[in-house]
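Before any comments, here is the structure.
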Amino acid sequence: MLYYDIKYPYLRYPFRDSDGSGWIMYSIPVDKLARIYHSYFGKNPLSFFDCGAAVGELIQQAENMGIKATGIDIKKYPVEKFPSMQQYAKYFQSGQIKIQSILETPPVKADLAYCNGTLTYMNESTLPMALSKFKNVKMLIAIHNTTEDIIAARKMGDELLHAEPRLIKPNQWWIDTFQKHGFKVDFNTTYNTFCAFPRHNRTR
Ligand SMILES: C[S@@+](CC[C@H](N)C(=O)[O-])C[C@H]1O[C@@H](n2cnc3c(N)ncnc32)[C@H](O)[C@@H]1O
């Protein structure tokens, strides 16, 4: 069993990368993200932004729930090429998902923004800029590997770190960093998510 099967039991879906290789994406489904949002705001989000939307699975889920959904990804996945992913092509054609880095995106406008792994693609100098893009959302939910995950996975023989450099820091470092950059933050131990709220946003 892989570490992610334990950490993210709620959503895994297959996708193909640019070279045609098949992989499994682990994430949290939008209904669960909306449930977390609901626990703070007493209502579902009306709009959702997926930062690092990949093929668009979460955009599709949000739309199916009647939530306005937009997203970006720095990389274009070959959704037109493989029948299993053609359902997602419309999100790229319509511009709902833009191929763009969060660092080049105007401040995000959405009730709920989501970063699955995306913040670990930053480094310590670009992370503040990335976080500043979420100052107008009501809530940012982030999930990603921390130092604790790397150690726990290694204990079960699963190596989470591969070729690309990633920003891997202890859980507490992330909490301190969200706070330092203007967010109130909770760590949700049920879903293993950082729940960050821009401090200036008084609607909570
Ligand atoms: C783990 S996937 C998340 C997929 C999807 N959001 C989900 O939860 O199922 C993370 C994505 O972040 C994207 N990414 C990395 N750096 C980024 C950046 N600077 N701006 C936008 N997206 C980025 C990667 O290309 C990758 O597709």
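Which net charge results when you count Lys and Arg as +1 and Asp and Glu as -1 among the other residues whose beta-carbon is under 14 Å from that of Leu131? Could the numbers behind the result be given before it?
On the way: positive: Lys133, Lys135, Lys169, Lys180, Lys184, Arg199; negative: Glu124, Asp176.
Residues close to Leu131 contribute a combined charge of +4.
Check Phe183: other-chain or 5+ apart residues with amide H under 5 Å from its amide H, H built from backbone geometry?
For Phe183, whose amide H was placed from the backbone, the distant partners under 5 Å are Arg199.
Assigning unit charges at the beta carbon (Lys, Arg +1; Asp, Glu -1) and nothing else, what dipole magnitude in debye, to the nearest 20, does the chain show about its Cα centre?
760 debye
Among His38, His144, His200, which comes first, then next, by fewest other beta-carbon atoms within 10 Å?
His200, His38, His144
Of all alpha-carbon pairs in the chain, indicate the percentage at a distance above 23 angstrom. Before the final figure, lay out the partial values.
Details: 8975 of 20706 pairs.
Within the chain, distances greater than 23 Å cover 43 percent of Cα pairs.
For segment 6-59 and segment 73-96, write down the distance between their C-alpha centroids in whole Å.
One Cα centre to the other: 16 Å.
Would you kindly derive the ³J(HN,Hα) couplings of segment 134-140 from the backbone phi angles with the Karplus curve 6.51 cos²θ - 1.76 cosθ + 1.60 (θ = phi - 60°), listing them in order in whole Hz, with x for Gly and Pro?
9, 5, 9, 7, 7, 8, 10
For the chain, set up a GNM with springs between Cα atoms under 10 Å and report which of Pro83, Pro14, Pro170 has the largest fluctuation.
Pro83
Determine the dipole magnitude for segment 66-144: charges of +1 sit on the beta-carbon of Lys and Arg, -1 on that of Asp and Glu, nothing else is charged, the reference point is the Cα centre, and the result goes in debye to the nearest 20. Show your work: numbers first, answer last.
Numbers: 10 positive and 5 negative charges, 45 e Å.
The dipole of segment 66-144 has a size of about 220 debye.
Can you sort Met85, Met139, Met129, Met1 by how many other beta carbons sit within 10 Å, fewest first?
Ascending Cβ contact count within 10 Å gives the list Met1, Met129, Met85, Met139.
In whole percent, what relative contact order does segment 56-204 give with Cα contacts below 8 Å and a gap of six or more residues?
Taking the mean separation of contacting Cα pairs over the length of segment 56-204, I get 19 percent.
Give me the one-decimal nm value for the distance between modelled label points at Gln87 and Thr190, 7 Å along each residue's Cα-to-Cβ direction.
2.6 nm
Whole-Hz ³J(HN,Hα) for each residue in segment 107-113, computed from phi via Karplus 6.51 cos²θ - 1.76 cosθ + 1.60 with θ = phi - 60°, x for glycine and proline: what do you get?
My calculation for segment 107-113 gives x, 5, 10, 6, 5, 10, 10 Hz in order.
Values in this text are rule-based calculations from the coordinates and carry no lab data. Every value quoted in this text rests on a predicted model; they were computed, and no experiment measured them. Here Cβ is always computed from backbone atoms with ideal geometry, including for glycine, and neighbour counts include all displayed protein chains.
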